[in-house]
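We did not get these values from a lab; they are worked out from the coordinates using the rules stated. Values in this document were obtained by computation on a predicted structure and should not be read as measured data. Here the Cβ positions follow ideal geometry from the backbone for every residue, glycine too, while neighbour counts run over all protein chains shown.
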Amino acid sequence: MAPVTCEVRGVFVAVSDAATVPLVILTAGEDRQLPIFVGLWEAIAINCAIIREVTPRPFTHDLFLDLITKFSITLKYLQIDSIENGVFFAELVFSSNNHEEYVDCRPSDGIAVALRGNVPILVDESVLDAAGVKGTTLPHVIDLSTFLQK
């Protein structure tokens, strides 16, 4: 199926009696959302990319982008292309000397890199069909920055 360009709605924490879990929410259009549960450090890295926080020393994702730039490699986009048993799979797509290369990555790392590199995040339609939710059917979530201030 064809990929759909998505935006990052934000980084949140899903709170319930059973657990507190960070997640990033991607949006496709006005009513389709794709929640992806991530680790705490990945959530922080994505949130820093969203707010364009400049850290005194580069994060791993910044280092990665500096490296590809120095070697004249272009980051084209992130594609989240499948989900198997609740696990999302993604690839970062690069270009160099008219050659495209696909590199497997965790969606959380891919999102952090894509945001820093200012490139599109594409999600395969089949992934949105399998794991996407309509507007208000998300669990109770709190913005990550608000959660960390408590």
**Item:** Cα-based helix-to-principal-axis angle, 60-70 vs the chain, degrees rounded to 10
**Value:** 20 degrees
**Message:** Of Leu67, Ile36, Cys48, which is farthest towards the positive pole of the chain's charge dipole, taken about the Cα centre with +1 and -1 on the beta-carbons of Lys, Arg and Asp, Glu respectively?
**Reply:** Cys48
**Request:** Please name whichever of Pro120, Val15, Gln149 sits farthest to the positive end of the charge dipole of the chain, dipole taken about the Cα centre and charges placed at Cβ: Lys and Arg +1, Asp and Glu -1.
**Result:** Gln149
**Request:** Report, in debye and to the nearest 20, how large the dipole of the chain comes out about its Cα centre when Lys and Arg carry +1 and Asp and Glu carry -1 on their Cβ.
**Result:** 520 debye
**Asked** On a 0 to 90 degree scale, rounded to 10, what angle separates helix 40-50 from the longest Cα axis of the chain?
**Response** 70 degrees
**Asked** Which angle between 0 and 90 degrees, to the nearest 10, do you get for helix 107-117 versus the longest principal axis of the chain when only C-alpha atoms count?
**Response** 60 degrees
**Complete:** Which residues qualify? For Val38, with a placed amide H closer than 5 Å and at least 5 residues away or on another chain, they are Leu23, Val24
**Asked** With all pairs of different alpha carbon atoms counted, what Kirkwood hydrodynamic radius in Å does the chain show?
**Response** 15.9 Å
**Selection of trypsin sites (Lys or Arg not before Pro), region 1-90, meeting DSSP coil and at most 13 other Cβ within 10 Å** = Arg52
